[in-house]
Ligand SMILES: [Zn+2]
């Protein structure tokens, strides 16, 4: 332990937000698929929900206004990265992250635990916290569960995530055990130091791809009074089949009355599959990151717009998509932009993908409410 005294672990009696006002209302189920409403300090968010990623308080190649027009009700930022730059005082001075960005809907913030797998940032860790290298000034920085809670409260996230110890994919049994145990202790410390009455707090279970450890971690985190429960450490390189197997374990243990968040998932087919297992919330940079490389989502599967076969294709990216890009531009035009490396191509594809995936969640939700989710899912398999 270096210069830090571990607080006494006595998890205070915390009243989850929904004990006062129902914070998550499960409206309908179809098989295991669920449709619900999550109440946040910035309005209601409908689930299933996909959250685009705005790590540094911005989407990549999608204007905030376009995301809002697409129907995005919530996104996720990274509180730790924001605490490094612009820094908490700048965001507080603006009146919080919502005002800083001019966004009046939901915001989740990640804690910094995901940066454990960043070679650029991560230095070392112990039971007290994590040492990072600040990428901006190269100084060493120390993040604890208590500090993470303070940052997330100070910047005013609607939903804060507990700081967890996320193992890399392929970690050995000893490391998985250590990570799950530390995640549990840190979860209790996050609850102990979380003071905001307006902000929801979600816990994260780990356990890698080891069934026994994933089950144990899910049980430990579920035993704590969080407002929601997240499946962490998945979609980090493991085979898809393995990821879904682990997701099913988590979802069979997490409380059914709470929102359940599968972190890191963002391809249309996988989202529909995970919804069918009972996951409610997702986030990923996949829709915009792949768009920057020419991939567009369509109802008939993903297409690579840079391929020569689209050179003379005057159809929109997706004939059933009503987004401004599909209404205005052809595959041929966007193919051309990619070929001549015009950055506007990235903007158009990213915008389309955000519209597409947001609409996909709305359609999945409608199918669940109508009791037609199984038929809906068959279109994607
Ligand atoms: Zn479109």
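Relative contact order for segment 21-284: what percent, with Cα pairs under 8 Å and sequence separation of 6 or more? Before the final figure, lay out the partial values.
Details: 541 pairs, mean separation 48.1, N = 264.
Value for segment 21-284: 18 percent.
Sort 344-356, 53-65 by packing, meaning the average of other beta carbons within 10 Å per residue, with the highest value first.
My ranking of the peptides, most packed first, is 344-356, 53-65.
With angles folded into 0 to 90 degrees, how steeply does helix 173-193 sit against the dominant principal axis of the chain? Use alpha carbons for both and round to 10.
Value to nearest ten degrees: 80.
With everything on Cα atoms, drop me the angle between helix 145-155 and the longest principal axis of the chain, reported from 0 to 90° to the nearest 10.
The helix 145-155 is inclined about 50 degrees to the chain.
In what sequence, highest mean first, do 160-166, 124-130, 89-95 appear when ranked by Cβ atoms within 10 angstrom?
160-166, 124-130, 89-95
Just to confirm my numbers, what's the Cα centroid distance between segment 161-210 and segment 20-93 in Å?
Cα centroid of segment 161-210 versus Cα centroid of segment 20-93: 21 Å apart.
Helix-derived [θ] at 222 nm for the chain: sum -39500 (n - 2.57) over DSSP H runs of at least 4, divide by residue count, nearest 500?
Details: 14 runs with 143 residues, N = 381.
When only DSSP H runs of four or more count, the value is -11000 deg cm²/dmol.
Take peptides 301-309, 31-39 and line them up by average Cβ neighbours within 10 Å, highest first, as a rough protection proxy. Don't skip to the end; give the middle numbers.
Details: 301-309: 14.1, 31-39: 20.4.
Descending packing order for the listed peptides: 31-39, 301-309.
Only bridges whose two residues both fall in the chain count here: according to DSSP, what percent of them are antiparallel, nearest 5? Walk me through the intermediate numbers first.
On the way: 20 of 45 bridges.
Taking every DSSP beta bridge within the chain, about 45 percent pair in antiparallel fashion.
Quick check on the exposure proxy: order 275, 117 from fewest to most C-beta atoms within 10 angstrom.
Ascending number of Cβ neighbours within 10 Å: 117, 275.
Taking the Cβ of each residue in 321, 285 as the centre, tally the other Cβ atoms inside 10 Å and list the residues starting with the fewest.
Going from least to most buried by this count: 285, 321.
Quick one: angle between helix 344-369 and the longest Cα principal axis of the chain, in degrees between 0 and 90, rounded to 10, please.
For helix 344-369, the angle is close to 70 degrees.
State whether segment 55-182 is rounded, prolate or oblate according to the following rule on the C-alpha gyration tensor (a ≥ b ≥ c being the square roots of its eigenvalues): a/c under 1.5 gives rounded; otherwise a/b larger than b/c gives prolate, and the remaining case gives oblate.
Since a/c reaches 1.5 and a/b is larger than b/c, the shape of segment 55-182 is classed as prolate.
Let me know the shape class of the chain, please: from the alpha-carbon gyration tensor, a ≥ b ≥ c as square roots of the eigenvalues, rounded when a/c is under 1.5, otherwise prolate if a/b is greater than b/c, or oblate. Please list the in-between numbers first.
Values: a/c = 1.65, a/b = 1.41, b/c = 1.17.
Verdict is prolate for the chain.
By the gyration tensor of its Cα atoms, with a ≥ b ≥ c the square roots of the eigenvalues, what is the shape of segment 146-209: rounded for a/c under 1.5, prolate for a/b over b/c, or oblate?
prolate
Rule-based calculations on the coordinates, nothing more; no lab input. Quick caveat, the model's predicted, so the values are computed rather than measured. Counting neighbours? That spans all protein chains shown, and the Cβs are built from the backbone with ideal geometry, glycine included.
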